[in-house]
1. Could you grab me the full set of residues in the stretch 120-133 that are of a type outside the set (Val, Ile, Thr) and open to solvent by 10 Å² or more (accessible area, probe 1.4 Å)?
2. Only residues that are small (Gly, Ala, Ser), over 13 Å from the mean Cα position of the chain (by Cα) and part of a helix (DSSP H, G or I): list them for the stretch 32-72, please.
3. Of the conditions (1) in contact (Cβ under 8 Å) with a residue 24 or more places away in the chain; (2) touching a helix residue (DSSP H, G or I) at 6+ places or on another chain (Cβ under 8 Å), Met1 fails just one. Which one is it?
4. What are the residues in the stretch 27-44 that are open to solvent by 60 Å² or more (accessible area, probe 1.4 Å) and small (Gly, Ala, Ser), if any?
5. Take Ser21 and decide whether it is of a type in the set (S, T, N, Q), in contact (Cβ under 8 Å) with a residue 12 or more places away in the chain and in contact with a Cys (Cβ under 9 Å, 6 or more places away or on another chain).
6. Out of Ile47, Ile117, I need the residue that is crowded, with 20+ Cβ neighbours inside 10 Å, in contact (Cβ under 8 Å) with a residue 60 or more places away in the chain, touching a Phe, Trp or Tyr at 6+ places or on another chain (Cβ under 9 Å) and of a type outside the set (Phe, Trp, Tyr). Which one?
7. Here is a list: Thr108, Thr63. Which entry is without any contact (Cβ under 8 Å) to a residue 24 or more places away in the chain and among the polar types (S, T, N, Q)?
8. Among the candidates Arg53, Arg103, single out the residue that is open to solvent by 30 Å² or more (accessible area, probe 1.4 Å), more than 21 Å from Cys131 (Cβ to Cβ) and either out of contact with any strand residue (DSSP E or B) (no Cβ under 8 Å at 6 or more places or on another chain) or among the hydrophobic types (A, V, I, L, M, F, W, C) (or both).
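The values are calculated or read from the model by the stated rules, or taken from the named source; none is laboratory data. These figures come from a predicted structure and were not determined experimentally. Here the Cβ is made from the backbone with ideal geometry for all residues, glycine too, and neighbour counts use every protein chain on show. What goes into the accessible areas is simple: the full protein's heavy atoms, side chains included, and nothing from ligands, DNA or RNA. Shrake-Rupley method; radii C 1.70, N 1.55, O 1.52, S 1.80 Å.
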Amino acid sequence: MLTICDTNILLFWADDPSRLSAKARAALDLGLESANLACSDISLWEIAMLYARGRVNNRAGVTSSAYIQDILTGMSVTVLPITAEIAEVSQSASFTHGDPADRLIAATALAHRIPLITADGKLRAMPGLRCIW
């Protein structure tokens, strides 16, 4: 079974694993062993945006696309596309999170009926969303 990684989890894994909780680390280790980690495709855009703004650990001479590819390859992450169902779920009344990317990430986990590894307290408080932290 796949497990979705929030954008913050991908970045913590790549740049500062000490920021991961013990449960998140255990879920990532299991996912790495079984190659069952995934992310929403909106996470790629988020990482590129954060990289361009200097909000992640920019590496000299490395483009944002190479940085993203290093994370995806290193974690064997499956990138899940935004579907019509995911777009619809992201607009449901049960979402109180205002960030569009976070809404799509959570909706991806809900639509696929799989857990989300996230440090985001707003997402972890969302009813019906199975979160690991």
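1. Within the stretch 120-133, Asp120, Gly121, Lys122, Arg124, Ala125, Met126, Pro127, Gly128, Leu129, Arg130, Cys131, Trp133 qualify.
2. If the condition is that a residue be small (Gly, Ala, Ser), over 13 Å from the mean Cα position of the chain (by Cα) and part of a helix (DSSP H, G or I), then Ser34, Ala48, Ala52, Ser64, Ser65, Ala66 are the ones that fit.
3. All conditions are met except number (2).
4. Correct list: empty.
5. Working: of a type in the set (S, T, N, Q): yes; in contact (Cβ under 8 Å) with a residue 12 or more places away in the chain: yes; in contact with a Cys (Cβ under 9 Å, 6 or more places away or on another chain): no.
Here the answer is no, as Ser21 does not meet what is asked.
6. On the way: Ile47 fails: in contact (Cβ under 8 Å) with a residue 60 or more places away in the chain.
From the options Ile47, Ile117, the qualifying one is Ile117.
7. From the options Thr108, Thr63, the qualifying one is Thr63.
8. Result: Arg53 is the single residue among Arg53, Arg103 that is open to solvent by 30 Å² or more (accessible area, probe 1.4 Å), more than 21 Å from Cys131 (Cβ to Cβ) and either out of contact with any strand residue (DSSP E or B) (no Cβ under 8 Å at 6 or more places or on another chain) or among the hydrophobic types (A, V, I, L, M, F, W, C) (or both).
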